[in-house]
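*Asks:* I am attaching a structure below and will ask some questions about it afterwards.
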Amino acid sequence: MGVWAEGGPGDGADWRDIRVGLDDLEQKLLGRECYGGLDLARVNDLSAFVLLFPPTLDPALGVLAEKWIVLPRFWVPEEDILRRGKRDRVPYDTWHYQGFLVATPGNATDFAFIEAEIIALAGRYDLRELSYDRTFAGEIVQHLQDEGINLVQFGQGFLSMAAPTAELERLSVSRLLWHGGHPVLRWNASNVAVRHDPAGNIKPDKERSSERIDGIVAICNALGRALLRDANAGRSVYDSRSILVL
């Protein structure tokens, strides 16, 4: 987690400074190429959506020009905020007050609310693809496609998740990932446990993780597709980075 903290202003940063920094970054990234990752709660609790921006080398971004940048969104039913705060002491109420977590009406995941926010974000940024768990086939998928968003099913097994999980680890330890210190995403990162297959591949494991990891899964979903952007353009993804041994 000490390494993770270096992808933002640091663990000691005031939440107001984090909020201002993320808001400023969102303005600087307007219209830029990005990839989306979605991890929805099926009934209640936390849902996550991230926009992942590849390095651009644009001097307007200063020291962040060479980094992958994450802009996350989190939602939770408003009744879960009170329940989780009392039962598990998860500070959903604090994050909601600080603007890092959006409360949706009722006691179940409000897909229409989330859908509207994703459509609004797609209008502000150059969203190339939105990756989602292929086992989820709710109406939100069809609605987003009807809005012209390019949705891509993304498996959650080792075949799909091994490469982006390993790459996320590499970006983090190489200080090439910038998340701005978002506290909900930091909490997700602190909860992550990974599963290994016999070949040594890894992927996030929701069952073994100590708490919610939705934001990390959403990043892996987005990163898995973003890594193919050079290949889709006729270039090897390894032209600009080292080979991953899985």
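Computed from the coordinates by the stated procedures, all read-outs in this text should not be read as laboratory data. The model shown is predicted, which means the values in this text are computed figures rather than measured ones. All Cβ positions, glycine included, derive from the backbone under ideal geometry; neighbour counts span all protein chains shown.
*Asks:* Residue separation times 0.36 nm, minus the C-alpha to C-alpha distance between GLU147 and GLN27: what's the value?
*Replies:* 40.9 nm
*Asks:* Next question. At 222 nm, what helix-only mean residue ellipticity would the chain give, in deg cm²/dmol to the nearest 500, using -39500 (n - 2.57) for each DSSP H run of four or more?
*Replies:* For the chain, the value works out to -12000 deg cm²/dmol.
*Asks:* If you count, for each residue, the other Cβ atoms within 10 Å and average over each peptide, how do 111-123, 2-14, 162-174 line up from highest to lowest?
*Replies:* Put in order of decreasing packing, that is 162-174, 111-123, 2-14.
*Asks:* Under a point spin-label approximation (7 Å from Cα along Cα-to-Cβ), what is the SER210-GLU169 distance to one decimal in nm?
*Replies:* Placing both labels 7 Å along Cα→Cβ, they lie 1.9 nm apart.
*Asks:* Between ASP58 and GLU79, what's the calculated FRET efficiency when r is the beta-carbon distance and R0 is 41 Å? Round to 0.05.
*Replies:* 0.45
*Asks:* Find which of TRP178, LEU25, ILE149 sits farthest along the positive direction of the dipole of region 2-239, computed with +1 on the beta-carbon of Lys and Arg, -1 on that of Asp and Glu, about the Cα centre.
*Replies:* The one lying farthest along the dipole's positive direction is TRP178.
*Asks:* Just want the ordering: CYS220, CYS34, from fewest to most Cβ atoms lying within 10 Å of their own Cβ.
*Replies:* Least crowded to most crowded, the residues run CYS34, CYS220.
*Asks:* Going by the alpha-carbon gyration tensor, a ≥ b ≥ c the square roots of its eigenvalues, is region 1-86 rounded (a/c under 1.5) or, if a/c is not under 1.5, prolate (a/b greater than b/c) versus oblate?
*Replies:* Prolate is the answer for region 1-86, as a/c is 1.5 or above and a/b outweighs b/c.
*Asks:* Can you classify region 38-125 as rounded, prolate or oblate using the Cα gyration tensor, where a ≥ b ≥ c are the square roots of its eigenvalues, rounded means a/c under 1.5, and otherwise it's prolate if a/b beats b/c and oblate if not?
*Replies:* prolate
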